[in-house]
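To keep things clear, I will list the structure first and then write my remarks on it.
All of the numbers you see were taken from the coordinates with simple rules; none came from a lab. These figures come from a predicted structure and were not determined experimentally. Cβ atoms come from the backbone with ideal geometry, glycine included; neighbour counts cover every protein chain shown.
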Amino acid sequence: MFYDYKRSHIVITKDIGLKYEELASKLKETHRVVGFVEDEFKLEHAKAVVAEAYVSEAETKYIILASQNFNIISQNSLLKLLEEPPKNIEFIIISPSKSNLLPTIRSRMPLINEKTAHKIDTVDLNLSKIDYAQVFSFLKESQKLKKTEAKKVVEALYHRAVVTEGLVLSQRVLNNFDMAYRLLELNAKAQSVLAMLIMSFVGEKNAS
């Protein structure tokens, strides 16, 4: 439901250079990152990726492939590696178009198409410093939300946490986001669902 940028995936985006810098900057805070940023990704680059992937790592290493064009030969040479990556290796492919990539490549990794992503609403909350007064005010405003509106709020909360505030969400909080979507699909009361979700941030704050 919510994509984890720390797991192997494909990103379709207009500005591959900007996206590379964004992801590399985040990941380099805690992990080793090796980038291959090319105008055209050729067989020689694919061979370099394979060699880098088989350098043993004690912790997770991210190999980012970013290019305006991935030729067919280079993609075919990476199929086995992407299907069975070495231990502690995660791959991220950044491309301006889905059609640049073979179906066999796309089938091996989750694909995030940022070019078609809809505008995400915003919420005026500081989730890292949220208190009970803010929770009460937020829930009061959300008491009459419909299912579709509540879903947008869930997305906005996730965007606020991960993108705006750069929070690293625990597995418990990520599970709560997925649960919120499922409950809304089952027509659970929006205010109750959002209460469960927003209180998980209070719990994280108190636990830290």
Tell me the label-point distance for the pair K147, E44, using the 7 Å Cα-to-Cβ offset, in nm and rounded to one decimal. 5.6 nm
Label R182 and E29 with points 7 Å out from Cα along Cα→Cβ: what is the distance between them in nm? 2.9 nm
Alpha carbon centroid spacing (whole Å) that separates the stretch 120-179 from the stretch 40-84: 37 Å
Which net charge results for the neighbourhood of A46, defined as the other residues with beta-carbon distances under 12 angstrom from its beta-carbon, given Lys and Arg at +1 and Asp and Glu at -1? -1
Helical contribution to [θ] at 222 nm, DSSP H n ≥ 4, -39,500 (n - 2.57), averaged over the chain, rounded to 500: -14000 deg cm²/dmol
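Please get the size of the charge dipole for the chain, origin at its Cα centre, with Cβ charges of +1 on Lys and Arg and -1 on Asp and Glu, quoted in debye to the nearest 20. Write out the running numbers ahead of the final one.
Details: 29 positive and 26 negative charges, 133 e Å.
Computed charge dipole of the chain: roughly 640 debye.
How much length would be gained if the chain were fully extended between L18 and T104, taking 0.36 nm per residue of separation minus their Cα-Cα distance, in nm to one decimal? Don't skip to the answer; put the middle values down first.
Working: separation 86, 0.36 × 86 = 30.96 nm, distance 2.62 nm.
That works out to 28.3 nm of additional length.
Net charge within 15 Å of I89 by Cβ-Cβ distance, Lys/Arg positive one each and Asp/Glu negative one each, not counting I89 itself?
Result for the neighbourhood of I89: +1.
Suppose every Lys and Arg Cβ carries +1 and every Asp and Glu Cβ carries -1, with no other charges. What dipole size does the stretch 127-207 come out with about its Cα centre, to the nearest 20 debye?
On the way: 12 positive and 8 negative charges, 48 e Å.
It comes to approximately 240 debye.
Among V202, V153, what is the fewest-to-most ranking by other Cβ atoms within 10 Å? Don't skip to the end; give the middle numbers.
Numbers: V202 15, V153 22.
The most exposed by this proxy come first: V202, V153.
How much length is gained on full extension from E114 to Q171, taking 0.36 nm per residue of separation minus their Cα-Cα distance? Mind showing how you got there, number by number?
Numbers: separation 57, 0.36 × 57 = 20.52 nm, distance 2.40 nm.
Full-extension gain reported as 18.1 nm.
Rounded, prolate or oblate for the stretch 115-207? Axes are the square roots of the Cα gyration tensor eigenvalues, ordered a ≥ b ≥ c, and the cut-off for rounded is a/c under 1.5.
Details: a/c = 1.37, a/b = 1.12, b/c = 1.22.
Here the stretch 115-207 falls in the rounded category.
Out of the stretch 5-40, which chymotrypsin sites (Phe, Trp or Tyr not before Pro) are coil in DSSP terms and have no more than 16 other C-beta atoms within 10 Å?
Values: sites: Y5, Y20, F36; in loops: Y5.
In loop regions of the stretch 5-40 (DSSP not H, G, I, E or B), the sparsely surrounded chymotrypsin sites (Phe, Trp or Tyr not before Pro) are Y5.
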Using the Karplus curve 6.51 cos²θ - 1.76 cosθ + 1.60 with θ = phi - 60°, what ³J(HN,Hα) values do you get for each residue of the stretch 136-147, in whole Hz, with x for Gly and Pro? 4, 5, 4, 6, 5, 6, 9, 5, 10, 5, 8, 4
Please compute one quarter of the surface area of the Cα convex hull for the chain and express it in square nanometres. 12.5 nm²
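Rounded to the nearest 20 debye, what is the charge dipole size of the stretch 9-113 about its Cα centre when +1 sits on each Lys and Arg Cβ and -1 on each Asp and Glu Cβ? Mind dumping the intermediate values first?
Working: 13 positive and 14 negative charges, 51 e Å.
Here the stretch 9-113 has a charge dipole of around 240 debye.
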In whole Hz, what ³J(HN,Hα) sequence does the stretch 49-57 give by Karplus (6.51, -1.76, 1.60; θ = phi - 60°), x for Gly and Pro? 5, 4, 4, 5, 5, 8, 7, 4, 10
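So for the stretch 124-208, if I pair up every lysine 8 or more residues apart or on another chain, how many of those pairs have alpha-carbons under 16 Å apart? Kindly include the intermediate steps, with their values, before the conclusion.
On the way: K129/K205; K140/K189; K144/K152; K144/K189; K146/K189; K147/K189; K151/K189; K152/K189.
Within the stretch 124-208, the lysine pair count is 8.
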With point charges of +1 on the Cβ of Lys and Arg and -1 on the Cβ of Asp and Glu, referenced to the Cα centre of the chain, which listed residue (I12, L102, Y132) lies farthest in the positive direction of the dipole? Y132
Let me have the relative contact order for the chain, percent, based on Cα pairs under 8 Å that are six or more residues apart. 22 percent
Taking +1 at the Cβ of each Lys and Arg and -1 at the Cβ of each Asp and Glu, which of V123, V50, S142 sits farthest along the dipole of the stretch 5-146 towards its positive end, judged by Cα position relative to the Cα centre? S142
Using θ = phi - 60° and the Karplus curve 6.51 cos²θ - 1.76 cosθ + 1.60, what whole-Hz ³J(HN,Hα) does each residue of the stretch 93-98 get, with Gly and Pro shown as x? 10, 10, 9, x, 8, 5
